């Protein structure tokens, strides 16, 4: 299947901004192999996506921007992993275990990051993740967003109790 130049540009942009290559490919409805081939071909032509990614991460307003990017990168990875688990052909018990491990990793990330940078408390990271997830669903799956909205007040209350 041939993809438009805009699709290739979008995969590159998402990757440079911190999404794993597989996540960028899934987001743009491109196979991982195609995205990997595009990345390799671009490198041969002098466009090293990894160099662009590193430059993107260190550009901007310094450490605060890097910290914000770290939180956003992690949130994107959580969303990508969750979406991949939704369609994975594995038993429900295995999905539940993987989701529990993801939640544990998220919790550990939040605690560790808030120690390094107290400005980003667990609550702000959790709320930012919910906001990121809601925005993603608004763009990609409005029906799923409607289902999520039914639970946002309850989840927000739980997060405030846990972190606030």
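Observations, loosely collected:
- Gaussian network model of the chain, Cα within-10 Å springs - most flexible of 27, 87, 129: 87
- Mean residue ellipticity (222 nm) of the chain, computed from DSSP H runs ≥ 4 via -39,500 (n - 2.57), nearest 500: -27000 deg cm²/dmol
- Scattering profile of the stretch 1-59 at q = 0.18 Å⁻¹ [log10 I(q)/I(0), Debye over alpha-carbon scatterers]: -0.54
- Note on the chain: with a GNM built from Cα contacts shorter than 10 Å, the maximum mean-square fluctuation among 53, 138, 76 falls on 138.
- Kirkwood Rh in Å, taken over the chain so that all alpha-carbon pairs contribute: 17.6 Å
- Placing a pseudo-label 7 Å from each Cα along the Cα-to-Cβ vector at residue 105 and residue 68 gives an inter-label distance of 2.5 nm.
- Residue with peak Gaussian network fluctuation, the chain [Cα springs, cutoff 10 Å], from 35, 25, 88: 88
Bear in mind these aren't lab numbers, they're just calculated from the coordinates by the rules spelled out. Predicted, not measured: the structure shown is a model, and the values here were computed from it. Glycine gets a Cβ as well: all are built from the backbone with ideal geometry, and neighbour counts include every protein chain shown.
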